[in-house]
1. Using a ≥ b ≥ c from the Cα gyration tensor of segment 224-285 (square roots of the eigenvalues), is it rounded, prolate or oblate, where a/c under 1.5 gives rounded and otherwise the larger of a/b and b/c decides, a/b for prolate?
2. Rank-order 430-436, 250-256, 287-293 by packing density, defined as the average count of other C-beta atoms within 10 Å over each peptide's residues, highest first.
3. Going by a ≥ b ≥ c, the root eigenvalues of the Cα gyration tensor, does segment 356-405 fall in the rounded group (a/c under 1.5), the prolate group (a/b larger than b/c) or the oblate group?
4. Identify all lysines with a Cα-Cα distance to K245 below 21 Å; exclude those on the same chain that are fewer than 8 residues away in sequence.
5. Can you give me the Cα centroid spacing of segment 299-372 and segment 381-398 in angstrom?
6. Give me the one-decimal nm value for the distance between modelled label points at S448 and S76, 7 Å along each residue's Cα-to-Cβ direction.
7. What FRET efficiency would be calculated for the residue pair R428, E295, taking the C-beta separation as r and a Förster radius of 35 Å, to the nearest 0.05?
8. Using 1/(1 + (r/R0)^6) with R0 = 41 angstrom and r between the beta carbons of L54 and R215, what's the FRET efficiency to the nearest 0.05?
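The values are calculated or read from the model by the stated rules, or taken from the named source; none is laboratory data. Quick caveat, the model's predicted, so the values are computed rather than measured. For neighbour counting, all protein chains shown are included, and Cβ atoms are generated from backbone atoms with ideal geometry for every residue, glycine included. These area figures cover heavy atoms from the full protein model, side chains too; ligands, DNA and RNA do not enter into them. Shrake-Rupley method; radii C 1.70, N 1.55, O 1.52, S 1.80 Å.
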Amino acid sequence: MPLVVCWLMRLTSVATLLGVLLPESRTHFSSAAADAVGDGLAFATASVAAGLQLLIAGALRRRRRRAWGVAVVVVSIGVAAHLASGGRWVLLLNAAMLALLLWARRDFTARSEPGTRWAAGRAFLVMAAASMVAGMLLTRHTAPRSSWGDRAVETFFGLLGFAPDLRFERSELSALTEVALTSMGAAIALVTVLVLLAPARKPARLDPADEQRLRGLLSDFGGRDSLGYFALRRDKTAVFSPSGKAAVSYRVVAGVSLASGDPLGDPEAWGPAVAEWLTEADSYAWVPGVIGCSEEAAKAYVRAGFDALEIGDEAVLDLTEFSLAGRSMRGVRQAVRRVERAGYYLTVARQRDLDRSTLDEVTHASAIFRDGETERGFSMALGRTGDPADPDAVLVTARDAEGRLVAMLSFVPWGVDGLSLDLMRRSRDSENGTVEFMVAGLVERARSLGVRRVSLNFAVFRSAFERGGRVGAGPVLRAWRQVLLFASRWWQIETLYRANAKYNPEWVPRFVCFRRTSELARVTLAALEAEAFLVRPRLFGRYR
């Protein structure tokens, strides 16, 4: 039923515009405003009303209770307005909309952000006060012969869409005043409704008690997923299965409940954990989405009603078989030797074996080496370096011949015998091949650390680069590869693929999961924002 209500509200918005555009319906909008400034203002007013209805329709689609209340008010006003002005078919449509809303009221159960009521109230009061002041200043110049009281009253009604009845100096000043007041009134309505219907947020904060529960799941099942340790990011939260044997780690971003990686814990309890996560998402009308899960987890999400799409591959090195020998590794060998000739040396150690001064130096260097001010990462980054809470993390540091720290790699645990790349930073003036030098050094010292496998970077759409460049590739695949090459000018998509491919890794596919095709774009945008590839302007804030 919410879907039916949503589409009927959209139809009502179209009818609102047609009421202005169709010649036989223009009498419905033959107010003083239309007479004064013509059909342009009438169409602009109808467009604002239609925009409000479309905004409400989107929230009704999400079954939001608050949207239902706003819709009842707006449609009731529409019924009253058309009763007074005529327009039988538009009146009937609004009446049908109102009846359907009242009949389906029990279907709208999704909660909204409690604080948005106060935020909407503040936005309304601030904008209304500012508009009243602006309107009074405007009418002081356009209708100076009117009294202060008349100007205040007519400004108020002008913000509501009525033509101000003042003693204007010229007729064109009357039109200008009406357009300005109507525009300000429309802005008040749009902003207030937009804030009121904003998606519910959830604090992006991992509770310390939940962190300990997640660490317990990682100690038992952490070897299953190379991204499991990243569930301990402190700007994520988690929901657990009723038994406590599994959990889904996620963050709410712009109305999307975005999970990352596989569910933690016993695979037998993944289903109940996913169900709990979906129950919470549905209760707040969040769009559920998953980024970066493995094929096994993708199957679990598909069983829960999702669709899955492969988005790339993770590069995994099996250190029991990895070697720098052979023709295919010639480029890596040459890079390592070039850095060694430059006098570079490295250290490989667990964080618990490093003193505080070294950790502070690495933390400071990671901030300096960062490309830009934005800290990227969500699904495959821990978001902290040198934290005492991660004693098993491994730091690989490279220093030049003078002992200056020039590059670093940070790895988090992947079970008891694996590592997953967390951070890769190097100085701009470091020798080319420094990263290869550090990876080779990690491989050499892996046995002393008890490490047998290492997960490196993630290559988005890796198969498109690989297959699209082959002889005989189809036109669609070649065209897609060209699109990705073009996008790589800004997002280094191909660069990451090439940087991983040189080590001849095993490619492990990763997936994005979504419930409806229409929601894939929202999930993708939320993922880009979470990874900080898209940064929301601070003026509007962030939904986390």
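1. Values: a/c = 2.17, a/b = 1.16, b/c = 1.87.
Because a/c hits 1.5 or more and a/b fails to exceed b/c, segment 224-285 counts as oblate.
2. Numbers: 430-436: 19.9, 250-256: 24.1, 287-293: 26.0.
Going from most to least packed, we get 287-293, 250-256, 430-436.
3. Details: a/c = 2.06, a/b = 1.25, b/c = 1.65.
Because a/c hits 1.5 or more and a/b fails to exceed b/c, segment 356-405 counts as oblate.
4. Result set, ordered by chain and number: K236, K299.
5. Taking the Cα centre of each part, segment 299-372 and segment 381-398 sit 13 Å apart.
6. It is 7.6 nm.
7. Details: r = 38 Å, r/R0 = 1.09.
It comes out at approximately 0.40.
8. Numbers: r = 46 Å, r/R0 = 1.12.
E between L54 and R215, to the nearest 0.05, is 0.35.
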